[in-house]
Each structure stands twice: as structure tokens, then as C-alpha cells.
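Undergrad: After the C-alpha cells below, expect a handful of questions from me.
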Amino acid sequence: MSIPPTELQNADAAAGVGVLETRLTGLSKERFARDVWARTALLTRGASDFSDLFSADAVDELTSRRGLRTPFLRVAKDGSTLPESSFTSPAGVGATIADQLDDTALWRSFADGATLVLQALQRTWAPVADFTAGLSTELGHPVQANAYVTPPQNRGFDDHYDVHDVFVLQIDGTKRWLVREPVHPDPLRDQPWTDRRRAVAEAAKGEACIDTVLEPGDVLYLPRGWLHAAQAQGEVSIHLTLGIHSWTRYALAEQLAKAALAELRDDPEMRGTLPLGVDGPDGELDIVRERLAAAITKVDSAPLFHRTRRGQARPAPLGPLTQLKAVDGLGRHSRVRLRGELEARLDGPRLSTRVGWLDFPAAELPSVARMLDGEIRTAGDLGIELVERLLRAGVLVPAEQ
């Protein structure tokens with residue numbers, strides 16, 4: 001089942017409304033969570049003008065002038081990925097890099113019908129990086145971005161499903177999408193479509209629940225597991241795919257199990273050797289189950305969960321020269337703020353972030369707590385010594401950055 005295509009142009013852009021509503025779906029976060037998220041596909045016509053995020057000029061810039069290396073680009077044709085050696089070459093004088101993109105080879109592949117896949121644009125294209133960072137904060141799940149550039153009347157990949165949710169943002173040209181319900185609902189990250197090739201191929205013969213042509217400004221949301229295939233129409237198609245790497249209950253169970261096993265390492269009986277003559281574990285399983293269940297009940301897996309989550313993304317960019325200037329010119333009236341996307345968390349005296357952890361004396365904890373609200377503060381308000389330490393650690397940045 002899918003929500004029928006609708007014109008959703010009347011999003012309320014008032015303060016506090018995020019990009020999910022204003023640029024992607026036209027639905028409030030609450031309605032999207034209740035009716036759509038991880039449940040069904042959603043097609044939104046004319047959701048937004050995405051020219052500020054990406055464009056044909058951006059494709060040319062990235063592929064010809066940025067010195068990108070694999071795996072920031074893949075090239076696919078007729079359902080297969082081409083070998084990297086077919087579109088890379090040495091970097092030339094002054095560089096020893098052998099796998100930079102070769103724009104001539106890339107052009108020849110593209111002219112021959114291959115699709116260019118610019119991967120991890122949240123690392124290489126600033127407008128996309130800013131957009132995905134905001135969306136990730138809004139959704140509470142990590143977000144990555146790829147661009148797919150397909151020549152007229154060609155397709156890069158056959159019917160398949162992804163192991164993450166996606167928002168497809170049509171940037172340029174048009175592309176026909178065929179979407180079908182899952183053969184394996186809610187696949188985990190280690191359950192790719194290639195494990196179910198036969199079921200996917202069989203399902204692809206059936207009627208699509210969505211058969212539509214995306215035009216610039218349209219957005220298609222697909223939960224993980226939904227089958228899809230797309231083909232460019234009469235001109236070059238460019239679309240962005242925002243991949244939402246959603247946390248699952250299974251992932252939480254993994255964190256809980258890891259925390260419980262760490263607890264059991266300190267249990268002498270659990271470290272003990274099994275008795276001699278044991279043919280199998282049956283006689284010991286009751287003891288292990290009892291201790292494991294007790295450990296799961298006892299442990300707090302939140303620190304492990306947050307540490308894992310922090311490791312799945314990067315903090316906002318930090319300019320070393322700007323940062324040094326801020327340290328050298330630090331005074332009572334210097335304005336600073338918390339660096340973006342740090343996933344900062346204060347547990348007792350310890351501040352844990354994506355750039356490491358710091359411990360603070362009790363006297364500084366109120367200032368640290370105030371800093372975490374993200375508001376702009378002065379060094380005199382927080383304490384000059386504290387601010388200098390946090391600037392040097394990459395936790396605070398100049399307010400103007």
C-alpha cells in the first residue's frame with residue numbers, strides 16, 4: 001500500500017518547522033512519523049526547488065576539478081558496476097595518487113550510457129552536507145547522500161531494495177520509477193537484496209504499486225526493503241538519494257548484549273572452565289542463561305549506544321586557521337558556540353563528543369551545561385580558561401564560523 005501522489009505545496013515554514021515538512025514531504029513531523037515513516041512509500045509532487053543543493057554544474061565541478069578519488073564515485077551500466085580502473089588514472093606531477101577520477105574516461109563511459117554515482121556528498125559538497133546534517137538532527141538517524149547522473153533512456157541498476165530508507169530528490173531531467181512492496185520487509189544492514197535475487201526478480205515481474213515519472217522538485221520516500229528500479233527519460237536525469245541509516249530494535253539489542261557480555265567478563269564463575277568430560281554445553285546452559293539474563297537486566301547500554309551513534313557521523317567542519325585565530329585573539333567579549341553535529345553528552349563530570357571526551361571539575365560543570373544549549377556565549381560568561389580549552393579541543397568554535 002502507498003499513499004497516493006499528492007500536491008503538497010502548502011508547508012508551513014514557521015519557526016520550528018524542519019526540512020522534512022518544508023522541503024521533503026509537506027507533512028508535519030508528527031504526521032509523517034504516524035502515517036508514513038518505515039511503513040509505506042510516499043510521492044510528493046513539487047516538494048521544493050532543490051537547485052540550491054545540487055545541479056549539473058555541481059556534477060561537472062566534482063568530476064573534473066576536485067580531484068575526487070574512489071570510492072567517492074561509482075560508475076554503473078546495465079545493472080553492473082564498472083571496475084574502478086576503467087575511470088581512474090594517476091594524478092600527474094606532484095602527486096603519487098593512482099586512483100583519481102579520469103574525466104576523459106568518465107566522459108566516454110557516460111556517453112556510452114553509464115550512470116555516474118557520486119557517493120557521500122555529505123563529505124564533498126557543502127550545500128548537501130548542511131542539508132543532510134539538519135535532516136539527521138531532525139530524524140535522529142544518520143543520513144548520507146549520493147547523486148545519480150543517468151544518460152537519456154538508460155538505467156544504472158536493475159530492480160533491487162536498499163537496507164536503509166531513502167528520500168529521492170529529483171534535481172534535473174526526468175526519471176521513471178517502478179516501486180513494489182518488499183519481499184523481505186525491514187531488512188537489516190547485513191541482509192542485502194543480493195541474498196534474495198530470485199525473490200526480487202520474481203517480484204519485479206508483478207504490477208508496480210507506484211509507476212511514475214519524477215520531475216524536478218518531486219520527492220519519493222521509500223522505506224528500506226521496498227523494491228525499485230528507475231530509468232532516465234528523454235534527457236539526462238540527476239537525482240539525489242538521501243539514505244537514512246535508521247536505528248532498529250535489533251541494533252539496540254546488539255548494544256544491550258554487548259554491554260551484558262562486558263559485565264560478565266568480571267564474573268569469575270563465567271570465566272571458569274567447563275568441567276572435564278562434558279559432551280556438550282547442555283548441562284551449563286541454565287547457569288549461563290541465568291547470569292546473562294541478570295546482566296541484561298542490570299546493565300545500562302546507553303553509553304555504548306551513544307558512543308556507537310557518535311561514531312556513525314562526523315561533526316560540522318572546522319577550519320584550523322579560523323580556530324587558531326580564535327584562540328590567539330581570545331578575550332572576555334569573544335563570542336563562541338558549540339560546534340555543530342557533535343552529539344555532545346554530559347554524564348557526570350565527563351563530556352563525550354564525536355571528537356573525544358573531556359573531564360571537568362565540579363566548578364566548571366554549570367558553564368559546560370550552559371554551553372550545550374547551542375546558544376552563542378561570550379568567553380567571559382563561560383570562563384576564559386574553559387573556553388580556550390574547548391576551542392583547542394575542537395568542541396567550541398567562533399560564533400561567526
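Undergrad: For the chain, set up a GNM with springs between Cα atoms under 10 Å and report which of Tyr148, Tyr161, Tyr250 has the largest fluctuation.
TA: Tyr250
Undergrad: Can you give me the accessible area per residue for the stretch 242-401, using a 1.4 Å probe, in Å²?
TA: On a per-residue basis, the stretch 242-401 sits at 62 Å².
Undergrad: I would also like to ask the following. Please list, by residue number, everything in the stretch 256-271 whose backbone N is under 16 Å from a paramagnetic label point 7 Å out along Cα→Cβ of Glu290.
TA: Inside the label zone: 267-271.
Undergrad: Same structure, new question: Multiplying the sequence separation of Gln153 and Asp328 by 0.36 nm and subtracting their Cα-Cα distance, what value in nm do you get? All intermediate terms of the calculation are to be shown ahead of the outcome.
TA: Working: separation 175, 0.36 × 175 = 63.00 nm, distance 5.72 nm.
Separation in residues times 0.36 nm, less the Cα-Cα distance, equals 57.3 nm.
Undergrad: Here's something else I'd like to know. Give me, ordered by chain and number, the residues 5 or more places off Ala41 or on other chains with an amide H under 5 Å from its own placed amide H.
TA: Residues meeting the criterion, in which the H sits 1.01 Å from N, are Ile3.
Undergrad: Indicate, rounded to the nearest 5 percent, the antiparallel portion of the DSSP beta bridges found entirely in the chain. Each step should come with its number before you reach the end.
TA: Values: 58 of 62 bridges.
Here the antiparallel bridges make up roughly 95 percent for the chain.
Undergrad: Here is a follow-up. So for the stretch 302-355, Kirkwood radius off the Cα pairs, Stokes-Einstein at 20 °C and 1.002 mPa s: how many µm² s⁻¹?
TA: Details: Rh = 13.0 Å.
Stokes-Einstein gives a translational diffusion coefficient of 165 µm²/s.
Undergrad: Taking springs between alpha-carbon atoms closer than 10 angstrom, which of Asp102, Asp172, Asp162 fluctuates most in the Gaussian network model of the chain?
TA: Asp102
Undergrad: Could you state, as a whole-number percent, how many of the C-alpha pairs of the stretch 101-148 are farther apart than 13 Å?
TA: Details: 706 of 1128 pairs.
Pairs farther apart than 13 Å: 63 percent.
Undergrad: In deg cm²/dmol, rounded to 500, what helix-only [θ] at 222 nm does the chain give when every DSSP H run of at least 4 residues adds -39500 (n - 2.57) and the total is split over its residues? Before the final figure, lay out the partial values.
TA: Values: 14 runs with 125 residues, N = 401.
The helix contribution divided over the chain gives -9000 deg cm²/dmol.
Undergrad: Rounded to a whole number, what is D in µm²/s for the stretch 127-243 from Stokes-Einstein with the Kirkwood radius over alpha-carbon pairs (20 °C, 1.002 mPa s)? Write out the running numbers ahead of the final one.
TA: Numbers: Rh = 14.7 Å.
This corresponds to a translational diffusion coefficient of 145 µm²/s.
Undergrad: Pick from Leu42, Leu351, Leu188: which is most flexible by mean-square fluctuation in a GNM of the chain where alpha carbon atoms under 10 Å apart are linked?
TA: Checking each option, the largest mean-square fluctuation is seen for Leu351.
Undergrad: Can you list, bin by bin at 10 Å, the percent of alpha carbon pairs in the stretch 58-157, starting at 0?
TA: Taking every Cα pair in the stretch 58-157, the percentages come to 15, 43, 30, 12, 1.
Undergrad: For the pair Glu254 and Leu274, what calculated FRET efficiency results from E = 1/(1 + (r/R0)^6), where r is the Cβ-Cβ distance and R0 = 30 Å, to the nearest 0.05? Don't skip to the end; give the middle numbers.
TA: On the way: r = 26 Å, r/R0 = 0.87.
Computed FRET efficiency for Leu274 and Glu254: 0.70.
Undergrad: Moving on to the next point. Alpha carbons only, please: Rg and Dmax for the stretch 232-358, in angstrom.
TA: Answer for the stretch 232-358, Rg first and Dmax second: 24.0, 75 Å.
Undergrad: Averaging over every viewing direction, what projected area does the convex hull of the Cα atoms of the chain cover, in nm²?
TA: Numbers: hull surface 108.0 nm².
The number I arrive at for the chain is 27.0 nm².
Undergrad: Grab the Cα-Cα distance for Ala111 and Ile384, subtract it from 0.36 nm times how many residues apart they are, and report the gain in nm with one decimal.
TA: Values: separation 273, 0.36 × 273 = 98.28 nm, distance 5.86 nm.
That pair, Ala111 and Ile384, stretches by 92.4 nm at full extension.
Undergrad: Continuing with the same structure: Name the long-range amide H neighbours of Thr88: under 5 Å, sequence gap of 5 or more, or other chain; modelled H, no Pro or chain starts.
TA: Close amide H contacts, sequence-distant or interchain: Asp102.
Undergrad: Also: Applying the Karplus parametrisation 6.51 cos²θ - 1.76 cosθ + 1.60 with θ = phi - 60° to the phi angles of the stretch 341-348, what ³J(HN,Hα) value in whole Hz is obtained for each residue in order, glycine and proline being reported as x?
TA: Going residue by residue, I get 6, 7, 6, 6, 9, 9, 10, x Hz, with x marking Gly and Pro.
The values are calculated or read from the model by the stated rules, or taken from the named source; none is laboratory data. Keep in mind that what you see is a predicted model, and the values were worked out from it rather than measured. Here Cβ is always computed from backbone atoms with ideal geometry, including for glycine, and neighbour counts include all displayed protein chains. For the accessible areas, the whole protein counts, side chains as well, though only heavy atoms, and no ligand, DNA or RNA atoms are used. Shrake-Rupley method; radii C 1.70, N 1.55, O 1.52, S 1.80 Å.
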